[in-house]
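**Student:** Here it is, the structure in full.
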Amino acid sequence: MEQFLVDNTARYADLVAAHALKAQTAALDAAPEASPESDITIAARLRPLLPDEVGAGQVAGVFARPGAGGVAELHEMRRPVRPTAPLALSSSSYTVDRVFGPDSATEDIYTRLVRPLVPWAWSGGMSTLFAYGQTGSGKTYTVSALECLIAHTLFSGDLDGARDVYISVIELAGKSAFDLLQARKPVSILEDSFGSTHFAGAADVRVQTGAELLAQIEAAAAFRRTEPTLKNATSSRSHAICKIRLANPALPQADEGVLYLVDLAGSEAARDKSAHTAERMKEARDINTSLSVLKDCIRGRAAVDLAGTGKPAYVPFRQTPLTRVLKHVFDPAAERACRTTVVACINPSFLDVGASKSTLRYAALLKGAPPKPQVVRYDPARPSSWDNAQLRAWVATGSGTPAVDAALLAPTETGKQLLSLPAPEFITRCLKTPGVSTEQAVAFQSKFWGMHIDSARSVAFKKGGSGRQTPADGADDSANGDSVHALTAHMDKLSQGLCSAEADPARRAEPFHTRLRPGMVVAWTPPEGVRGLPVLAGRNLAMLLAPGEDGAWTAAIVCPAVLPGAFEVFIWQQFSAAADRFVAEVILEYDVGSRYYYETV
Ligand SMILES: Nc1ncnc2c1ncn2[C@@H]1O[C@H](COP(=O)(O)OP(=O)(O)OP(=O)(O)O)[C@@H](O)[C@H]1O
């Protein structure tokens, strides 16, 4: 096909020129400008043909429709079925918010569509910029230039107030994630019990000037893996994600702003891969897999927009690390408002019209109305919904005798912020109240966390029941309770030795009580009035250590840890209990990066 096009380049160019003439005389339907209120804006950027492409006789096959702002036109010429039939053009058009032609500068894209993301994140919102398109279409070129402009705006002094700015940069390749600010140290992508995504183990560097921010981005770029391919001499073989966190020191109780800048790896058509080695082929497979899940999420998100029809929506964002990071863009249950700008990058060559069509199709699909963020309403059973006054009122009545002084425990924090507080800090604050013992403080912290876990579980069940996201996208609900307090999402498959699951799959079907073994984590029922052990109001976990006499087991307490959603084994807090106190197996995996256990989804 490519040879057919090359052989007929002159005819193709004539047909395109004739089409352009017709289009100019026709009335052009002006595409609507991107609404400033819209939560997602889509740009298409057509890069210029590069000198070597022009040298090879390639011509453009994708154009910005003149005067129409947001319409891209593509022209294909197919080999006729009958050799004597005249060559004809098949033209199609796609509408996005704005199409930037080959002469447009990155500053144009920034001013029109990207700049509004910065004040949004500055004021505590979540903003995301991502560029996608086929390999060699200009994603890295565009994102790097936009990063410079964003760094300038963040430190220009034009935005109200002061923010502490932190940056992390990671690379996602297949199922692995690497910290580009720590010389490619492996990290994990974890989801906490509030549904937020974390780069566990990644550096989070504070920067105080635009130059420092850019220096970090440049340092990270030096560690990003690129390889020469047929299409691009410096092809990125992975997705790069830069996360800029904006903390407001004047309002510590407010949500932090987050700005994600994502340069996706490019998709490759079969002919782009003809010279790939086995290793390049594997990379290409991983890239195409994660991009195809991204497309499924785009499709799912579009289906959510049709939710008024009663059609249940399925957005499979938990399937790959990439879509887990971009979850807030697609998640129908997201609680935080999020603004997104997508730049669909296009190589305009007539040889790549098929790939450009696919890029534009998904861009157009993203243009639908975004899922509305849910309003977090006060729920007395849900600590993460409490403001400071509601939290303090509960502490005054729910912390035992003597009551913990709420002003000392939570001077400014909301319920969600107190849940995020490291356990030792929580306990230290409780101990500031005269008369409060360590046991009381530990039990109170456990009760508070237990309440959060239980409320998260009931939210997950409600969502499942309403036909929205079902627990953990098909996770084994009986084993892990639900998707919300199953926070995990390990990128690297941890070895069986680091996982509490039964290693032998055949044995997993056996009744739970016949499978008890050292290392297994179980939910258990503590006896009434047990003393000296932290007992949670909700589910209690323990790790079995060794069988004892009369069917009893020695076990160690497993408690919620400092990092939200993580668990740690209190190996020093052992107890002995009859096997009938153990009610279900709970599968935890050990994360080497954070050194905590996480429940598997
Ligand atoms: N708007 C543009 N103006 C001029 N040159 C451009 C433009 N966009 C991209 N290029 C050039 O095109 C080539 C490919 O660009 P880039 O590496 O950004 O592509 P990519 O989409 O990131 O590719 P991959 O997915 O393979 O990493 C580079 O040489 C780059 O300098």
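**Student:** Looking at segment 47-103, which of its residues are in a loop (DSSP other than H, G, I, E, B), surrounded by fewer than 20 Cβ atoms within 10 Å (Cβ to Cβ) and of a type in the set (Val, Ile, Thr)?
**Tutor:** Scanning segment 47-103 gives VAL59, VAL81, THR84.
**Student:** So, LEU129, is that one more than 15 Å from the ligand (Cβ to nearest atom), in contact (Cβ under 8 Å) with a residue 24 or more places away in the chain, within 30 Å of ASP352 (Cβ to Cβ) and within 20 Å of the chain's Cα centre (by Cα) or not?
**Tutor:** no
**Student:** In the list VAL54, VAL59, VAL118, which residue meets the criterion of being within 13 Å of the ligand (Cβ to nearest atom) and either over 17 Å from SER358 (Cα atoms) or of a type outside the set (Val, Ile, Thr) (or both)?
**Tutor:** Working: VAL59 fails: within 13 Å of the ligand (Cβ to nearest atom); VAL118 fails: within 13 Å of the ligand (Cβ to nearest atom).
Residue meeting the stated conditions: VAL54.
**Student:** Now a separate question. How many residues are more than 16 Å from the ligand (Cβ to nearest atom) and touching an Asp or Glu at 6+ places or on another chain (Cβ under 6 Å) when one looks only at segment 213-245? Give the steps one after another, and end with the answer.
**Tutor:** So in segment 213-245, the residues more than 16 Å from the ligand (Cβ to nearest atom) come out as 213-216, 219, 243-245.
Within this subset, residues satisfying the condition of being touching an Asp or Glu at 6+ places or on another chain (Cβ under 6 Å) are 245.
Count: 1.
**Student:** Suppose we keep only residues that are among the basic types (Lys, Arg) and assigned to a loop (DSSP other than H, G, I, E, B) within segment 490-529. Which one would you say is modelled with the lowest pLDDT? Reasoning before the result, please.
**Tutor:** The first filter runs over segment 490-529 and keeps only residues among the basic types (Lys, Arg), leaving 493, 507-508, 515, 517.
Applying the additional criterion that residues be assigned to a loop (DSSP other than H, G, I, E, B) yields 493, 517.
Numbers: LYS493: 33, ARG517: 90.
Top of the filtered list is LYS493.
**Student:** Right, next: Please work out if GLY210 is more than 23 Å from the chain's Cα centre (by Cα), small (Gly, Ala, Ser) and either more than 16 Å from the ligand (Cβ to nearest atom) or farther than 30 Å from ILE453 by Cβ (or both). Outline the logic, then answer.
**Tutor:** Values: more than 23 Å from the chain's Cα centre (by Cα): yes; small (Gly, Ala, Ser): yes; either more than 16 Å from the ligand (Cβ to nearest atom) or farther than 30 Å from ILE453 by Cβ (or both): yes.
Taking the combined requirement at face value, the residue satisfies it.
**Student:** Which residue pairs have Cβ atoms closer than 8 Å, lie 6 or more positions apart in sequence or on different chains, and pair a first residue in segment 501-528 that is at positive phi with a second residue that is at pLDDT 80 or above and part of a helix (DSSP H, G or I)?
**Tutor:** The qualifying pairs do not exist here.
**Student:** If you check every pair at least six apart or on different chains, which have Cβ atoms under 7 Å apart with a residue in segment 1-12 that is touching a residue at least 60 places away in the same chain (Cβ under 8 Å) first and a residue that is of a type in the set (Phe, Trp, Tyr) second?
**Tutor:** Going by the 7 Å Cβ cut-off, the qualifying pairs are LEU5/TYR12; LEU5/PHE350; TYR12/PHE350.
**Student:** Now for a separate question. Being outside any helix (DSSP H, G or I) and more than 27 Å from THR229 (Cβ to Cβ) is the filter here; which residues of segment 129-156 pass it?
**Tutor:** Our first condition is that a residue be outside any helix (DSSP H, G or I); within segment 129-156, this holds for 129-138, 155-156.
Listed by number, the residues that qualify are PHE155, SER156.
**Student:** Do you know which residues across segment 78-108 are small (Gly, Ala, Ser), over 14 Å from ASN8 (Cβ atoms) and either in contact with a Leu (Cβ under 8 Å, 6 or more places away or on another chain) or in contact (Cβ under 8 Å) with a residue 40 or more places away in the chain (or both)?
**Tutor:** Once the filter is applied, which keeps residues that are small (Gly, Ala, Ser), over 14 Å from ASN8 (Cβ atoms) and either in contact with a Leu (Cβ under 8 Å, 6 or more places away or on another chain) or in contact (Cβ under 8 Å) with a residue 40 or more places away in the chain (or both), segment 78-108 yields SER91, SER92, SER93, GLY101, SER104.
**Student:** Oh, and also: PRO186 fails exactly one of the following numbered conditions: (1) surrounded by fewer than 20 Cβ atoms within 10 Å (Cβ to Cβ); (2) over 23 Å from PRO321 (Cα atoms). What is the number of that condition?
**Tutor:** Every condition holds for PRO186 apart from (2).
**Student:** What number of residues within segment 389-440 satisfy the criterion of being of a type in the set (Gly, Ala, Ser), surrounded by fewer than 13 Cβ atoms within 10 Å (Cβ to Cβ) and either in contact with a Phe, Trp or Tyr (Cβ under 7 Å, 6 or more places away or on another chain) or not in a helix (DSSP H, G or I) (or both)?
**Tutor:** So the count comes out to 2.
**Student:** Moving to a separate point now. What are the residues in segment 246-265 that are assigned to a loop (DSSP other than H, G, I, E, B) and either within 10 Å of the ligand (Cβ to nearest atom) or under 23 Å from the mean Cα position of the chain (by Cα) (or both), if any? Let's see the steps before the verdict.
**Tutor:** Filtering segment 246-265 down to residues assigned to a loop (DSSP other than H, G, I, E, B) leaves 248-256, 264-265.
Scanning segment 246-265 gives ASN248, ALA254, ASP255, GLU256, LEU264, ALA265.
**Student:** Same structure, new question: Within segment 165-213, work out how many residues are out of contact with any strand residue (DSSP E or B) (no Cβ under 9 Å at 6 or more places or on another chain) and in a helix (DSSP H, G or I).
**Tutor:** 2
**Student:** Any chance segment 566-577 includes a residue that's more than 29 Å from ILE189 (Cβ to Cβ), hydrophobic (A, V, I, L, M, F, W, C) and surrounded by fewer than 20 Cβ atoms within 10 Å (Cβ to Cβ)? Walk me through how you get there before you give the answer.
**Tutor:** Quick first cut of segment 566-577, residues more than 29 Å from ILE189 (Cβ to Cβ) only: 572-577.
Subset that is hydrophobic (A, V, I, L, M, F, W, C): 572, 575, 577.
Retained after the next criterion (residues that are surrounded by fewer than 20 Cβ atoms within 10 Å (Cβ to Cβ)): 572, 575.
Within segment 566-577 (the criterion being more than 29 Å from ILE189 (Cβ to Cβ), hydrophobic (A, V, I, L, M, F, W, C) and surrounded by fewer than 20 Cβ atoms within 10 Å (Cβ to Cβ)), the answer is yes, since at least one residue qualifies.
**Student:** When only residues in segment 1-46 that are in a loop (DSSP other than H, G, I, E, B) and hydrophobic (A, V, I, L, M, F, W, C) count, which is modelled with the lowest pLDDT? Break it down into steps so the answer makes sense when it comes.
**Tutor:** Restricting attention to segment 1-46, the residues satisfying the condition of being in a loop (DSSP other than H, G, I, E, B) are 1, 8, 26-39.
Going one step further and asking which of them are hydrophobic (A, V, I, L, M, F, W, C), we end up with 1, 26-28, 30-31, 34.
Working: MET1: 57, ALA26: 42, ALA27: 37, LEU28: 41, ALA30: 42, ALA31: 42, ALA34: 47.
Among those residues, the one meeting the criterion is ALA27.
**Student:** Can you tell me which residue within segment 539-560, out of those that are more than 30 Å from the chain's Cα centre (by Cα) and either not in a strand (DSSP E or B) or not aliphatic (A, V, I, L, M) (or both), is nearest to TRP572 (Cα to Cα)? Please lay out each step first, then the result.
**Tutor:** Keep residues of segment 539-560 that are more than 30 Å from the chain's Cα centre (by Cα), which gives 542-557.
Restricting the remaining residues to those that are either not in a strand (DSSP E or B) or not aliphatic (A, V, I, L, M) (or both) gives 547-551, 553-554.
On the way: PRO547: 17, GLY548: 18, GLU549: 21, ASP550: 23, GLY551: 22, TRP553: 15, THR554: 12 Å.
Applying the filter and picking the extreme gives THR554.
**Student:** With the requirement that a residue be more than 13 Å from the ligand (Cβ to nearest atom) and crowded, with 24+ Cβ neighbours inside 10 Å, what does segment 132-150 give you? Full working, then the answer.
**Tutor:** Our first condition is that a residue be more than 13 Å from the ligand (Cβ to nearest atom); within segment 132-150, this holds for 148-150.
Once the filter is applied, which keeps residues that are more than 13 Å from the ligand (Cβ to nearest atom) and crowded, with 24+ Cβ neighbours inside 10 Å, segment 132-150 yields only ILE150.
The values are calculated or read from the model by the stated rules, or taken from the named source; none is laboratory data. Worth saying up front: this structure is predicted, and the values here are computed from it rather than measured. Note that we place each Cβ from the backbone using ideal geometry, even for glycine, and neighbour counts take in every protein chain shown.
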